[in-house]
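Right, one structure below, let's go through it.
A short reminder: the numbers here are calculations on the coordinates, not readings from a lab. Predicted, not measured: the structure shown is a model, and the values here were computed from it. Positions of Cβ are backbone-derived with ideal geometry, glycine not excepted, and every protein chain shown enters the neighbour counts.
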Amino acid sequence: MKDVKKIFNQILKELSEKELREFINKHCRTNVMQNKFLTHFSHKIEGKAEEKFQVLIDNSIKACTDKRGHFLVNPAKTNSALKPLFKMLEKEKNAYHKKPYESYLLAKLILENFVELYIDFYEVYDTDKLDNLFYEALELIDDICQASTTPHEFKEEVSKELLALSMETHFDKSSSEYGCDVDLDILKIASEIIAVDESAKLMEIINKKINKKDKYARREFIEFKLEVLEKYQMYDALTETIEENMDEENVRDMAIENALNQKNIDKAIAYIEEGIELFTRQNLRGLVSKYEKKLLKVYKNNQMKEEHLSLLWRLYKVDYSGEYYDFLAKEYSEKEWKKYAEAMIDEIKTIYAKGRYAYDVSEKLADIYVKEKMVDALFLLIKENESFEYLKKYGRLCREKYSAEILAMYEVFLLRSFKHKGTRKEYAQYANLIHNLVTVFDGGEEMARKIHMQIKQKYANRPALLEEMSILDYLDATLPPKKVVAKCMPKEQKSLF
């Protein structure tokens, strides 16, 4: 059967357009039959479509290039220069059911003729118009290949042409060097219509692409290869390809997902743990964190409580992250968790004493104190650190029990801040901060007045400071605070306290 088909195709190739039409007119007795026959063999008839399309393409290229040299793009002219091609593509999208060969020919000629110009467009940073032209052409080819009206024989020929086209140097270069996936798109279209006996050729091309592409493009082609292997149910090759490319994040994700779908939890866990180890060695902290969370999810979804808790504790103790603290707190009763919280505080203090995490141990302790509402410990932390930032961040949480002490600290830190000159923006922030003492703390108005008076007395020779502090003049007058301050207070400063 294969030899008969080969001989038949050879005879058709040798026939001229006139001979083929004479044969159709002689043997097809109805117009319907003639149309079907012409549609089926339209790609065998040498008409004038190629000449017509080529003239249109040549004119467009000439119109959007400079006279100084070959393929020097003039971005200002590209829109009008390419418009006729877009119109022709739109026309062919409505006509390809009747003349699939002509429509395919236009799209193919656009790809072949503009590929070198495509590279030049990237050099002048005007890629959108030509990107769209390529995608419109590829979309037309895909529509032709998917249409039930397109003869099967023609689809087979198109698939072979597309495989050859994908290996053209320019397509390969534009894809790998400039981030355009034209060759990948071409192969994806071919893979949908390719004959089974051509699948080996497709896989050969994909493997060549994988071996020569850069990291990003290689990842795309590996993913495509896996899709093709699954489509052809080549499961041994699929497994082998996955195992060979587990250093690729998307491949590993696919392997994990497949293992979970097959209820092979042990394999999924092994893939995740290998990923954590691999990306730890590569110092890719973001990916490590991703797989750690993925592992937590697998443990939780499969009722592996002991493993889940063990991993949570291990992750928390890496840097005593508040995120994992919250997860852990949900796993215990309130009474149980209180003991764990106290133990962690002692552990963090011990580590601090040994010199580890000294730079942010107070932040870690403060995080626990806030979550556990340990007001006494939080106040002591603010006092011991003598930090204005800690005072602004945590002071208001201690106001019910330590209002007087917190206000006294504000007096010290604020007056100390004015010893050195600052910007008007900084002065406005301090003014806002002093005003908030009035609204947040018991006894705050008296302290705010005291601080304001000291500023006016000590820094009478600082006009910029006094001008910004003038929004606090209501403290020495009978005007209600809100009427004077509200219209002067910058909104963005409210969060400083």
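Quick notes on this structure:
- Taking a ≥ b ≥ c as the square roots of the eigenvalues of the Cα gyration tensor, an a/c ratio of 1.5 or more together with a/b no larger than b/c marks the stretch 216-321 as oblate.
- In order along the stretch 201-208, the Karplus-derived 3J(HN,Hα) couplings, from 6.51 cos²θ - 1.76 cosθ + 1.60 at θ = phi - 60°, round to 5, 4, 5, 4, 5, 4, 5, 5 Hz, and Gly and Pro are given as x.
- Spatially, the stretch 440-480 and the stretch 285-309 are offset by 55 Å when compared through their Cα centroids.
- R0 of 35 Å, Cβ-Cβ distance Glu249-Glu112: FRET efficiency to nearest 0.05: 0.50
- For the residue pairs Lys98/Lys155; Lys419/Lys450; Lys62/Lys98; Lys294/Lys349, alpha carbon separations beyond 20 Å are given by Lys62/Lys98; Lys294/Lys349.
- Amide hydrogen proximity for Thr65: with H placed 1.01 Å from N in the peptide plane, the residues at 5 or more positions away or on another chain lying under 5 Å are Asn74.
- Inverse of mean 1/r across different Cα pairs in the stretch 264-357, Kirkwood, Å: 14.6
- For the stretch 217-250 versus the stretch 184-199, the gap between their alpha-carbon centres in whole angstrom: 16
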